[in-house]
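Working notes, beginning with the structure itself.
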Amino acid sequence: MFTLLAIVLPAATVAVVGYVSLRQWQRSAELLFRQQARDVAAMAADKVDMLLRATDDEALARLQATLATDGATEAALDRLVATTPIIQRLYAIDHDGGVLYPRALSDVDAPVVVALRAQMSDGWARRSGSREVAAGETSVLTAVLRGNRGPVLAGLTRSGEGLRRQVLESALIGQEAAATLYAIVDAAGDPVYSQRPLDGADLVAAVPLRNGFPAWRMAIYQPRGTSPVAAVRRQITVSMGALAVLTVVIVAGVVAVGRLVRRETEMAQLKADFVANVSHDLKTPLSVIRMYGETLEMGRVRDDEARQEYYRVITRESERLSRLIDNVLDFSRIEGGRRRYEMTPTAIEPLVRETLEAFGYPLAQQGFKVEVEIGPDLPEIPMDADAVGQALANLVDNAIKFSGDVKWLRIEARGTDGGVAITVSDHGIGVPVGEEEKIFEKFYRVGHSDTQARRGSGVGLALVKHVAGAHGGRVGVERASGPGSRFTLWLPQ
């Protein structure tokens, strides 16, 4: 659980903090860009409004001049409308509320006339300046002008085409080469005017026009994929990818460090167990040799047969001590890369017999039934006889050490697969399922309750595996048909 938290917490912390920071940065950048875009749109709208007011003032000035010179004659006002592009419809109301222009009113004109007459309250004739009046959805520019027959309440509605020609083209001049596209859109969002076609462009911001066209808006567009928002999103995507890679690297690093620490801890424990086990294995035969030697030295054994038994025990423990020391020394040479093998063609049967003879006393003392089967006409195998003999002795020693109630040992050698296979079988406690490969690792001991009371250095099978590999062979273990196990050492011809 602790290891899992050690892996998850750093990676999760980096991922969450990085993700939140990047998202906050994205939101801030997009908000800033949209605010800047709205400011730009507002400035463009202000410029349009300023030019529209100037155009309105010019149209009203021309209307004032016409009323003062020609009066509200229909022909004069028709010429004015025709020569002033900004004017779509023109209205003139006398001081009595009569319509001077246009002479013939359409259905469109009726709401405008009603709105104009509503402006003719007391003192209307003394009003100065112009004002916007709403007539339904239409905005009407009104002003009190002086005609040759008295005050006239004038009203005009703007022409969209006139707005484009007299205002927009001059207001947005010089922006044609910019990446940003300026456009005027109506209430439905359809473009009324744009510098260039808006196909493939994204709306960034829009603000309403305040005068003359209240339903229209000044809109800012960016070609798709070129806006700062798109650039920020691309950068966020790249940063997210980098964050993901960093998170994976952190997780991999934590996992690797965790495994390394666990492995080092396990190795330290295994080495401590190795030292303890070797010390115990050295101490046991030395104590036996010392005890029996002191007994013989003090002359306490009077019987010749008993004395010979003591000698045999001392010899057996000395051989056991020698095997243990040889294993440790060979393992040290293997670990240091100093172990060398002298290959000589060697017969198999004498090697097997000599190994069994070295274990003759413990096998007889513990009551083992020993079976040996050597295949006929076995070829001589190129090998280091001492190393292979030591490997075979380790297999026999394990069979004796981990034997169960049934004391049985079988060694067979047969030709197979272009070489010779030497098999050591027993009816001992066997190897647990899943640990068939692990038992050949250095310092490894089977986690079996039956093995805990049986000490060992933990390098015997690792040495067997190294010897087999150095000879181009292999070693393996399989479960026997009954209790116990079968270790096979295969050496190529």
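Here is how the numbers come out for the structure above:
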{"item": "Test: residue in the range 47-69 that is outside any helix (DSSP H, G or I) and in contact with a Ser or Thr (Cβ under 7 Å, 6 or more places away or on another chain)", "result": "no"}
{"item": "From A421, A385, A364, residue being modelled with pLDDT of 90 or more, more than 54 Å from the chain's Cα centre (by Cα) and in the same structural domain as G476 (by TED's automatic domain parsing)", "result": "A385"}
{"item": "From I422, I374, residue being under 20 Å from L461 (Cβ atoms) and in contact with a helix residue (DSSP H, G or I) (Cβ under 9 Å, 6 or more places away or on another chain)", "result": "I422"}
{"item": "Filtered residue count, the range 70-127, keeping only those that are under 19 Å from E58 (Cβ atoms) and not hydroxyl-bearing (S, T, Y)", "result": "15"}
{"item": "Criterion (without any contact (Cβ under 8 Å) to a residue 24 or more places away in the chain and assigned to a strand (DSSP E or B)) met by exactly one of V114, V140, V133, V152", "result": "V133"}
{"item": "Candidate set: the range 69-104, residues that are among the hydrophobic types (A, V, I, L, M, F, W, C) and exposed (fewer than 13 other Cβ atoms within 10 Å of the Cβ); chosen: the one farthest from A54 (Cα to Cα)", "result": "A104"}
{"item": "Condition broken by R455, with the remaining ones in (1) modelled with pLDDT under 85; (2) among the basic types (K, R); (3) over 17 Å from V328 (Cβ atoms) satisfied", "result": "(3)"}
{"item": "Unique match (being of a type in the set (A, V, I, L, M, F, W, C) and modelled with pLDDT under 85) among L163, L156, L141, L145", "result": "L163"}
{"item": "Every residue from the range 293-317 that is polar (S, T, N, Q) and exposed (fewer than 14 other Cβ atoms within 10 Å of the Cβ)", "result": "Q308, T315"}
{"item": "All positions within the range 126-155 that are surrounded by 13 or more Cβ atoms within 10 Å (Cβ to Cβ), within 18 Å of G97 (Cβ to Cβ) and out of contact with any Pro (no Cβ under 8 Å at 6 or more places or on another chain)", "result": "R127, V133, V140, T142, A143, G147, P151, V152, L153, A154, G155"}
{"item": "Condition met for Y341 (among the hydroxyl-bearing types (S, T, Y) and touching a Phe, Trp or Tyr at 6+ places or on another chain (Cβ under 8 Å))", "result": "no"}
{"item": "Residue within the range 404-412 that is under 15 Å from F487 (Cβ atoms) and crowded, with 21+ Cβ neighbours inside 10 Å present", "result": "yes"}
{"item": "Unmet criterion (only one of (1) among the hydrophobic types (A, V, I, L, M, F, W, C); (2) at pLDDT 85 or above; (3) in a loop (DSSP other than H, G, I, E, B)) for V446", "result": "(2)"}
{"item": "Unique residue being out of contact with any Gly (no Cβ under 7 Å at 6 or more places or on another chain), of a type outside the set (A, V, I, L, M) and at pLDDT below 80 when the list is R259, R217, R224, R263", "result": "R263"}
{"item": "The range 84-110 residues that are farther than 14 Å from T142 by Cα, paired with ones that are exposed (fewer than 11 other Cβ atoms within 10 Å of the Cβ) (beta carbon under 7 Å, 6 or more apart)", "result": "H95/G150"}
{"item": "Residue count, the range 339-398 (criterion: in a helix (DSSP H, G or I) and in contact (Cβ under 8 Å) with a residue 60 or more places away in the chain)", "result": "13"}
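Results for (1) more than 60 Å from the chain's Cα centre (by Cα); (2) over 28 Å from L209 (Cα atoms); (3) in the same structural domain as Y182 (by TED's automatic domain parsing); (4) not hydrophobic (A, V, I, L, M, F, W, C), shown as yes or no for each residue.
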{"residue": "L100", "(1), (2), (3), (4)": "yes, yes, no, no"}
{"residue": "A104", "(1), (2), (3), (4)": "yes, yes, no, no"}
{"residue": "A118", "(1), (2), (3), (4)": "yes, no, no, no"}
{"residue": "S121", "(1), (2), (3), (4)": "yes, yes, no, yes"}
{"residue": "L145", "(1), (2), (3), (4)": "yes, no, no, no"}
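The values are calculated or read from the model by the stated rules, or taken from the named source; none is laboratory data. Values in this document were obtained by computation on a predicted structure and should not be read as measured data. Note that we place each Cβ from the backbone using ideal geometry, even for glycine, and neighbour counts take in every protein chain shown.
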